[in-house]
Amino acid sequence: MSRYSTEPPAFDDDADFDCRSAIIDQDARNTPMQEDYRLVTHSLSAFCARATSLLQEHRYHEYVRFVLNLCYEENYQAFLDPIQHRLDDEDCHHPISGLRDYDSLLAISDDLLGGFCNVDIHRIPNIPLCKSGAQTLYRVLLLGLYDPTRNRSVCTQDEQRTFYEKGLLPSIFQLLGEQRTTDWPPTYNSEMFQARGSNGRLRFSTKVLPDWIIPHLADTIRENLTQNRVTWGEDLKILHQVRSVKNESMHSINSIDASRSLEAWLELNGFDHQDLIERSDCYVDVAAELSSDSGECLAWRTDAHKYMVQNILRIDEDNAVRITSLGSSKYTRDCTSHMTAVSGCRITTGSRAQGYFTIPYLQLYQTDKALTAHPDRGHHAKFLTCKEVLNGKYCVFMEELFTLCTTAANRKSSSRARVEVRCPLTNANEVLLDMDDGLLNKLLIAVPCHTWWGLRAHWILAMKYVLDWQSEGEPLLRISASALLLTAFIPWLLNGLYAAPDEGPTSRKLLDATLPQVDRLNADPDALAYNTSIRPITFEDRDTDEEVDEEEIDGDILALTQ
């Protein structure tokens, strides 16, 4: 495997560029390459066919060089172009089916099912209060603890102790009577002592409350906190969270089924539709899931995000372009397996672009990530760490991941394209109803299942070969700077195949050290390894205590998405 240079690569002065060559696609029209290499554009299917041929011929070093560096023979450079699988081709007729569903509901009220509050929910300190059934969770939002500078919405131990001992427990005693509450731990510390197991994990016991006290619970907690001079509890609110079970509310994309399914879904979760539908404090996550009638894998085109957003929100083109630009703080792009030409996204629309349906948030993604989804230690999917690689524990993980991909390919597990929006409950039965085949053909690519999953299988296998060869090498070679960078880089590359790549500070430093770099003045935002400003840096920008090198100003460089 070629070591990635941290020096700027040679570019054709007359050509634009867009580089992501370590298993990454790029539109061939915007790609840098070595002057002595001949550019050959490959579709995903052509790439897999060439990789499979090299593997079957046992040309393993050439296989790894092609799969990870996209170089083959003596002077050929391949560029993956997933847009060759586009659906808007005149010769392409690809029918698409769609289903709609209600994913979740959020409502804020003074008590359980009452009141109104307009707040920034995800930043407010909160405490889980109770559950209703398996899908509805009620949280206490403590607005009195809200502080824009506070980093976490999780309450501190002291705050939880105060809430339990001066708010919740006295309220339960008051509503049920002390004789019926003797099984409740008398203090927060005793509750934690009872819940903590020998392994240190917490497992709380369940307390069942009669339904007649539910309408009075929030008010009673608020009163007890006030009487005990806990000022931050005086204006608490209740957040209702309803999470849908997969396929529970699935229905056809038409207005009649949308209204009927919404009413049935609310009733199933214990809400009175007529009472709730007029409340402006209730938001619903509505989704549409698109599938290929021929069983192929669908993925969103990056260059079509603005059109999808414009259609869903019903906003003008200028606003659609603004909130789907990489420089926008409201837009996060999630490249699909490092391929910049196909990606999902997450958008916080802001007040100017909420559009006709008042949508504050939307996202696009592919459903194939469900096969590796596993929330753990801040990650949303299965992941490999550098420590596990150094300890030789990567083999089983990568073999199982490889088997998952090959099995999915053989069983033709098609990936679907999904769009989710959050809108007021009053608009939930109207949004995501106006998507025709003509529009969708401009937004999606369709890839055969064996190619879609085979692509990842090849990348996983090639990376495993590299780690195997490295582990078999001489000890002195394994501890060289380039070898250690490679060891650290491969887990990042692997984890980004099926989840959004990590762009934290540590990962950014790793990418700066391992990927090719480009002068800031010549940078294309779509080609960068992570989102950052490409405006030239001046001394005025560095008017801080940080030491500045004059040469750094003139030659500031950014890591490319190699």
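Select from the stretch 128-178 the residues that are buried (at least 18 other Cβ atoms within 10 Å of the Cβ) and of a type in the set (Val, Ile, Thr) and write down the one among them that is nearest to HIS240 (Cα to Cα). So the residue we want is VAL140. Residue-level analysis places ASN189 among those that are farther than 28 Å from ALA107 by Cα and either within 35 Å of the chain's Cα centre (by Cα) or assigned to a helix (DSSP H, G or I) (or both).
Among the numbered conditions (1) farther than 18 Å from GLU289 by Cβ; (2) surrounded by fewer than 20 Cβ atoms within 10 Å (Cβ to Cβ); (3) of a type outside the set (Val, Ile, Thr), tell me where PHE271 comes up short. For PHE271, the failing item is (2). Do we have TYR283 as in the same structural domain as ALA446 (by TED's automatic domain parsing), touching a residue at least 12 places away in the same chain (Cβ under 8 Å), surrounded by fewer than 22 Cβ atoms within 10 Å (Cβ to Cβ) and hydroxyl-bearing (Ser, Thr, Tyr) here? The answer is no for TYR283. For the condition at positive phi and not charged (D, E, K, R), GLY177 qualifies. With respect to SER198, is the statement that it is under 30 Å from LEU433 (Cβ atoms) and not acidic (Asp, Glu) true? Judged against the criteria, SER198 is not a match.
As for the stretch 257-269, it holds at least one residue that is farther than 17 Å from ARG418 by Cβ, assigned by TED's automatic domain parsing to the domain that holds ALA341 and assigned to a loop (DSSP other than H, G, I, E, B).
The combined condition, being in the same structural domain as PRO448 (by TED's automatic domain parsing), of a type in the set (Phe, Trp, Tyr) and not in a strand (DSSP E or B), is fulfilled by TYR356. The single residue among GLU248, GLU234 that is in contact (Cβ under 8 Å) with a residue 40 or more places away in the chain and farther than 18 Å from PHE271 by Cα turns out to be GLU234. For the stretch 291-302, the condition holds for no residue, the condition being that it is aromatic (Phe, Trp, Tyr) and modelled with pLDDT under 95. Here the helices (runs of 4 or more DSSP H) wholly within the stretch 370-488 that include at least 2 residues being surrounded by 14 or more Cβ atoms within 10 Å (Cβ to Cβ) and of a type in the set (S, T, N, Q) are 449-472.
LEU70 fulfils the conditions (1) surrounded by fewer than 17 Cβ atoms within 10 Å (Cβ to Cβ); (2) modelled with pLDDT of 90 or more; (3) of a type in the set (A, V, I, L, M) except for a single criterion, (1).
Does LEU298 qualify as being touching a residue at least 60 places away in the same chain (Cβ under 8 Å) and out of contact with any Gly (no Cβ under 8 Å at 6 or more places or on another chain)? The answer is yes for LEU298. Show the residue pairs meeting these rules: Cβ distance below 7 Å; 6+ apart or different chains; first residue within the stretch 479-496 and aromatic (Phe, Trp, Tyr); second residue in a loop (DSSP other than H, G, I, E, B). Note: pairs meeting the criteria are TRP492/PRO501; TRP492/ASP502. Does ILE221 qualify as being farther than 17 Å from PRO128 by Cβ and in the same structural domain as GLU165 (by TED's automatic domain parsing)? For ILE221, the condition - farther than 17 Å from PRO128 by Cβ and in the same structural domain as GLU165 (by TED's automatic domain parsing) - is not met. The number of residues in the stretch 236-256 being surrounded by 15 or more Cβ atoms within 10 Å (Cβ to Cβ) and either part of a strand (DSSP E or B) or acidic (Asp, Glu) (or both) comes to 8. Of all residues assigned to the stretch 216-236, none qualifies as being under 36 Å from the mean Cα position of the chain (by Cα) and over 16 Å from ARG139 (Cα atoms).
The values are calculated or read from the model by the stated rules, or taken from the named source; none is laboratory data. All values derive from a computational prediction rather than experimental measurement. In this analysis, Cβ positions are derived from the backbone assuming ideal geometry, glycine residues included, and neighbour counts consider all displayed protein chains.
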